[in-house]
Structure formats: C-alpha cells, structure tokens
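The values are calculated or read from the model by the stated rules, or taken from the named source; none is laboratory data. Since the structure is predicted, the reported quantities are computational estimates derived from the model, not experimental observations. Heads up, the Cβs are rebuilt from the backbone with ideal geometry, glycines too, and the neighbour counts pull from every protein chain shown.
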Amino acid sequence: MINEEKVSKNKSFILITIIILVLAVSVLAYFNRVDHELKQELQMNAEFIIKNAEQEFRITMGDVLNLNPVDFTATMNTSTTQPTPVEYTGVELSKLLQNYDVQITDESIIQVTALDGYATALNGKEVLEPENIYLSIYKNGEPLKSKAQGGDGPYLIVIRNDRFSQRWCKFVAEINVR
C-alpha cells in the first residue's frame with residue numbers, strides 16, 4: 001500500500017514537471033518567434049539596430065552609404081585558412097555611433113549581436129581607436145552576401161587589431177552600447 005502511494009506521488013510529480021516544462025518551452029518559443037521574425041525582417045531589408053539606454057535606431061544600407069565608407073585592408077586569419085589580407089569597404093564603428101549621437105567612453109561596452117545569435121563584446125577604448133573597428137559592407141569590391149547566399153552580410157564587424165579574426169561578427173543584427 002505504501003509503495004502504491006509512492007508510485008502515485010511520483011507519477012503526479014512527473015506529470016506536473018512535464019506540464020511546467022511544456023509551458024516554459026511554449027513561452028520561450030513564442031518570444032523566440034517574435035525575435036526571429038524581427039531578424040528575418042532586418043535581413044530582408046538589409047537593416048540593423050543600434051541601441052543604448054535612451055534610444056533605438058533602425059539603420060539601413062542607405063544610412064551606411066551616406067557616411068562615405070572607406071576602403072581598408074584587414075588580415076583574415078581563421079582555423080582553416082592562412083592569414084590572408086582582404087580588402088573591405090566600411091565605416092568606422094565609432095563614426096557610425098557618433099553620427100547617431102551614441103556616446104562612447106573608454107569604459108563603454110558595445111555588444112554586437114548577429115542574426116544567428118552569435119555575439120561579440122567590444123570595449124569603448126578599442127572602438128575609439130582610429131582605424132580599428134569597422135562595419136563593413138563590401139569584401140574585395142563585392143557587396144557582402146546574405147547568409148542564405150553563403151556570405152557574411154549584409155553587415156560584418158571587422159576588428160583589424162584582432163590577430164585571429166575570432167571576434168569578427170557576421171550578419172550584424174544589433175549593436176547595443178552600454
């Protein structure tokens with residue numbers, strides 16, 4: 001009789017746990033769907049978002065082109081390739097943020113998030129360093145292709161002083177300054 005009570009309690013506990021897990025997954029899936037829809041829209045329109053504590057800006061390719069992108073060389077070095085100099089065209093991240101009156105100090109933290117969820121963190125000091133961090137739109141004279149096309153874009157954060165290109169961020173969706 002005691003075993004039957006234990007079994008019944010265990011079954012109830014397992015059932016309640018399963019119900020809670022199903023509800024949690026459903027809520028998280030809902031929030032992820034909303035986030036996914038925004039990311040899809042951003043990619044389709046070649047847009048990304050800049051945020052800080054007070055403001056949020058939706059940036060288009062036209063906005064980036066209006067900042068007069070420059071050509072620069074960065075060395076791409078991955079675990080599967082030899083260090084290779086690559087020609088990029090882009091806008092210094094500090095100039096882009098300054099254009100939207102987003103203030104950066106040496107102590108600022110800038111988080112760049114990709115469409116696929118990858119994120120990299122930059123500090124204000126390295127962003128403010130001249131000719132170091134760029135939001136790139138062209139690679140070797142060609143527009144960056146979307147993920148679906150096997151590319152890195154439409155936007156790619158290139159950190160010239162990142163020796164192994166480990167913190168570069170493809171498919172930029174959001175830049176959050178804190």
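Observations
- Single condition residue 68 does not satisfy, out of (1) at positive phi; (2) touching a Pro at 6+ places or on another chain (Cβ under 8 Å): (2)
- Filter pass, residue 89 being assigned by TED's automatic domain parsing to the domain that holds residue 64 and farther than 23 Å from residue 64 by Cβ: no
- Considering residues of region 92-117 that are surrounded by 18 or more Cβ atoms within 10 Å (Cβ to Cβ) and of a type in the set (Val, Ile, Thr) only, the residue nearest to residue 68 (Cα to Cα): 102
- Going through (1) closer than 18 Å to residue 57 by Cβ; (2) modelled with pLDDT of 95 or more; (3) surrounded by 16 or more Cβ atoms within 10 Å (Cβ to Cβ) one by one, residue 139 falls short only on (1).
- Of the residues making up region 91-106, one or more are assigned to a strand (DSSP E or B) and touching an Asp or Glu at 6+ places or on another chain (Cβ under 9 Å).
- Counting the residues of region 145-172 that are at pLDDT below 95 and of a type in the set (A, V, I, L, M) gives 1.
- Counted residues, region 72-83 - those being touching a residue at least 60 places away in the same chain (Cβ under 8 Å) and touching an Asp or Glu at 6+ places or on another chain (Cβ under 8 Å): 1
- Once region 26-53 is narrowed to residues that are modelled with pLDDT of 75 or more and of a type in the set (A, V, I, L, M), the residue that is nearest to residue 156 (Cα to Cα) is 46.
- Among the residues of region 144-162, the one identified as hydroxyl-bearing (Ser, Thr, Tyr) and either assigned to a helix (DSSP H, G or I) or crowded, with 17+ Cβ neighbours inside 10 Å (or both) is 155.
- Within region 44-69, being crowded, with 19+ Cβ neighbours inside 10 Å and either in contact (Cβ under 8 Å) with a residue 60 or more places away in the chain or out of contact with any helix residue (DSSP H, G or I) (no Cβ under 9 Å at 6 or more places or on another chain) (or both) holds for 48, 50, 52, 64, 69.
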